[in-house]
Amino acid sequence: MSNTEIELQVKNLINKIRPYLQYDGGDVEYVSFNEGIVYVRMIGACVGCASIDLTLKDGIEAILLEDVPGVIGVELVD
């Protein structure tokens, strides 16, 4: 699978996740994909939230690892 195809799948899944974060006043923004790592930016109420690691690793990363071949992790950027 090409990086372009992976990026498209990642973006589609992130768009499905976003309403759940937006409901609580937060949001996630796709930044880039490089060497198996998806880089995202958390915004809104997610910034500084005590649950950000849980949301990132047990939520977003778990979904992407399960559903998108080629993704090996998710990292947060500022």
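The values are calculated or read from the model by the stated rules, or taken from the named source; none is laboratory data. Small disclaimer: the values here were computed from a predicted structure and weren't measured. Reconstructed Cβ throughout: ideal geometry from the backbone, glycine too, with neighbour counts over all protein chains shown. Side chains included, ligands, DNA and RNA excluded: accessible areas come from the protein's heavy atoms. Shrake-Rupley method; radii C 1.70, N 1.55, O 1.52, S 1.80 Å.
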Accessible area of the chain with a 1.4 Å probe: how many percent of it is carbon plus sulfur? 51 percent
Round to the nearest 10 and give me the degree value, 0 to 90, for the angle of helix 3-23's Cα axis relative to the longest principal axis of the chain. 20 degrees
Go through region 30-38 residue by residue and turn each phi into a ³J(HN,Hα) via Karplus (6.51, -1.76, 1.60, θ = phi - 60°); whole Hz please, and just put x for glycine and proline. 5, 10, 6, 9, 8, 6, x, 9, 9
Note to self, the chain gives a 222 nm [θ] from helices alone (DSSP H runs n ≥ 4, -39500 (n - 2.57) apiece, / all residues, nearest 500) of -11000 deg cm²/dmol
Given that just one value was derived from the coordinates, which of [x] 11.7, 36; [y] 13.2, 41; [z] 11.1, 30 is Rg and Dmax of the Cα atoms in Å? [x]
Below 8 Å, C-alpha to C-alpha, sequence gap of six or more: please give me the relative contact order for the chain in percent. 33 percent
HN-Hα couplings for region 53-64 via Karplus (6.51, -1.76, 1.60; θ = phi - 60°), in whole Hz with x for Gly/Pro, come out as 5, 5, 4, 5, 7, 7, x, 4, 5, 4, 5, 5
Unit charges on C-beta of K, R, D, E only; dipole of the chain, Debye: 180 debye
In the chain, if the dipole is taken from +1 on Lys/Arg beta carbons and -1 on Asp/Glu beta carbons about the Cα centre, which of Val71, Val47, Asn15 is farthest to the positive end? Asn15
